[in-house]
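Okay, structure first, notes after.
The values are calculated or read from the model by the stated rules, or taken from the named source; none is laboratory data. Quick caveat: nothing in here was measured; it's all calculated off a predicted structure. No Cβ is skipped: glycine too gets one built from the backbone with ideal geometry, and neighbour counts run over all protein chains shown. SASA here: full protein model, heavy atoms, side chains in, ligands and nucleic acids out. Shrake-Rupley method; radii C 1.70, N 1.55, O 1.52, S 1.80 Å.
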Amino acid sequence: MSDELDSVPDYHRFATVDEVVAALTRLAADHPGVASLRRVGSSSLGEPILCLTVGDGPRHALIGAMPHPNEPIGGLTVVHLATRMCQDATLRESTGYTWHIVGCLDPDGTRLNEGWFAGPFTKAHYGRHFYRPAGDEQVEWTFPFSYKNAYFDRVIPETLALMRLIDETRPAFMSNLHNSEMGGAYFYLSRPVPELQSVLKALPGRYGVPLHGGEAEHPSLRRLDEAVFLTPRLEDAYDYLEALGQDPMEQVGGGASDSYAARYGTLCLAAELPYWRDPAADDHSPAGIVYSDLLRAHGAELRETFAVLDDTMTAVASDLRADSPFIRASRFSVPLLEETASTALYRAKEPTADRPATVAEQQSCHQLVHSTRLRFGGMLLRALEGEMAIGNGTPAIRAHARALSETYATWCAEAEAGTPDETIPIRHLVAIQYGGILAGAAHAAGTYGSAR
């Protein structure tokens, strides 16, 4: 494992869709008989989705990059994984797998993020070139799902391609490569694997990346180990929201790939890695504030952000002409701020919230506010700029684009000043994902002891 981690080269930027596809195409051409490239589906805009198959082991591993298009670490990771499996027969054969590697699961969305892939790696530049699709346009959240009053079957083309691969390969191991933004590293597993959990939580420390000790992505998540969680289940999220008195139908859409692959007993792994290093991410010391007060302040800040963005969308709604991905994403994302705020305020009333908050919890709350402002504010600005670019610069659109731009500049300054700005070397991020894949695959095959 140590030697393989050291095989990861230096990178100075993230790879574009075309660069990832070109790299996998070259590997297939250079290694006939070992690797083959085929089209497994199409994006919503008609772009081919390609899969490189390497080796001929009795078990199958399925690795997909960029299921969320603002998370590009995986593009470099799959190219390195494919390169090593093509070039090193001993490594390839020792895994006992046939590897199925998808270079980009959402090429359409990823192209809308490429404006920040080469830097500068500031939060402001990231936010102004950020794109995250609406929920019903995301690969990971458009698998079939049925539970209580929830029913989803609007499978998008990208998801259909992944579904076909899962059904065809029945993988023993699967990892769709994700990443976060700030804070510490954390992982998801589809089932408890204590020995693997120990490996995963040790990997980031090799590169000085702290583990995430702050707020979980959703209160319904089950923690398996330090910075290791059981993969989110929509059923649990539904029940949690229902118990809060919220309408689960407003937040619960389609299912995820790990839930779909569960029918084949697949071990699924996701590594969530930040771009910016935060020393406070694993600081469990008291923050000098009661946790309930922290949640109330957090909910209030999210509601203030929601009000700014919602007022902007309401003011321009009747003037919009383009059905752009940015406005669809804004219509989906902005209401989530109000729902997240309501959840935080509800949690503040629970008896368990009457305790000291940790520094990590306080920092993760601050980071979430900054992240949502820059993400959702940036996408809404791109939507309004798109309207003006097609000649639809009505007085309302121009006025609110100008006002939001001024507010956004303030948000950017606050984010840059209020959160860490040290970027983690891309090589380290790729190495952590690569190590997680190798360890996860070995555990799924029952060969970790011998591989180690």
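For the set Glu235, Glu272, the ranking by accessible area, highest first and with no ligand, DNA or RNA atoms included, is Glu235, Glu272 under a 1.4 Å probe. A straight chain from Ser44 to Asp247 at 0.36 nm per residue would run longer than the Cα-Cα distance by 70.1 nm.
Ranked by the mean number of other Cβ atoms within 10 Å of their residues, highest first, the peptides 224-232, 402-410 come out as 224-232, 402-410. Here's how it looks for Thr358: its modeled amide H is under 5 Å from those of Ala287, which are all 5 or more places away or on a different chain. Along its first, second and third principal axes, ordered by size, region 237-365 spans 51, 46, 35 Å in Cα coordinates. Counting Cα-Cα pairs of region 302-450 in 10 Å increments starting at 0 gives whole-percent bin shares of 9, 28, 24, 22, 12, 4, 0. Over region 149-268, the pair-distance histogram of Cα-Cα distances with 5 Å bins from zero comes to 2, 9, 17, 19, 19, 16, 12, 4, 1, 0 percent, rounded to whole numbers. Compared with the alpha-carbon gap, the fully stretched path from Ala315 to Ala409 is longer by 31.8 nm at 0.36 nm per residue. Identify all lysines with a Cα-Cα distance to Lys123 below 29 Å; exclude those on the same chain that are fewer than 8 residues away in sequence. By straight Cα distance, Lys123 reaches Lys201.
Residue-wise HN-Hα couplings along region 295-306, as the Karplus relation 6.51 cos²θ - 1.76 cosθ + 1.60 with θ = phi - 60° gives them from phi, are 5, 5, 5, 4, x, 5, 5, 5, 5, 5, 5, 4 Hz; Gly and Pro carry x.
Remark: relative contact order (the chain) = 20 percent; criterion is Cα-Cα distance under 8 angstrom and separation of 6 or more residues.
Placing R0 at 30 angstrom, the Cβ-Cβ distance between Val155 and Ser7 gives a FRET efficiency of 0.20 after rounding to 0.05. Per-residue 3J(HN,Hα) values for region 29-45, derived from phi via the Karplus relation 6.51 cos²θ - 1.76 cosθ + 1.60 with θ = phi - 60°, read 5, 7, 10, x, x, 10, 10, 9, 10, 9, 7, 10, x, 9, 6, 4, 9 Hz in sequence order (x marks Gly and Pro). What shape does region 45-194 have by the C-alpha gyration tensor, where a ≥ b ≥ c are the square roots of the eigenvalues, rounded means a/c under 1.5, and otherwise prolate means a/b greater than b/c and oblate the rest? Judged from the Cα gyration tensor, region 45-194 comes out oblate (a/c at least 1.5, b/c at or above a/b). Between Glu422 and Ala399, the contour length at 0.36 nm per residue exceeds the Cα-Cα span by 4.7 nm. Taking amide H as placed 1.01 Å from N in the peptide plane, the amide H of Phe173 sits under 5 Å from that of His60, Leu62, Leu267, each at least 5 places away or on another chain.
Within region 317-399, the trypsin sites (Lys or Arg not before Pro) that combine a DSSP coil assignment with at most 13 other C-beta atoms in a 10 angstrom radius are Arg321, Lys349. The label point for Ala22 and the one for His218, both projected 7 Å from the Cα toward the Cβ, are 3.9 nm apart. Computed from backbone phi with θ = phi - 60° and the Karplus coefficients 6.51, -1.76 and 1.60, the 3J(HN,Hα) list for region 239-244 is 5, 5, 5, 4, 5, 6 Hz; x is used for glycine and proline. If you take the charge dipole of region 242-333 about its Cα centre, with +1 on Lys and Arg Cβ and -1 on Asp and Glu Cβ, which of Pro248, Ile289, Val308 is farthest toward its positive end? Most positive-ward Cα: Pro248. Rg then Dmax, both in Å and based on the Cα atoms of region 240-297: 18.0, 48.
Cα centroid separation, region 1-28 to region 250-322: 29 Å.
Using a Förster distance of 41 Å, how high is the FRET efficiency between Arg331 and Glu195, based on the Cβ-Cβ distance and rounded to 0.05? Once the sixth-power term is evaluated, E becomes 0.40. Based on C-alpha pairs under 8 angstrom that are at least 6 apart in sequence, region 316-452 has a relative contact order of 31 percent. For region 1-124, the spread of Cα positions along the three principal axes, ordered from largest to smallest, is 45, 35, 23 Å. If you wrap the tightest convex hull around every Cα atom of the chain and split its volume per residue, you get 136 Å³.
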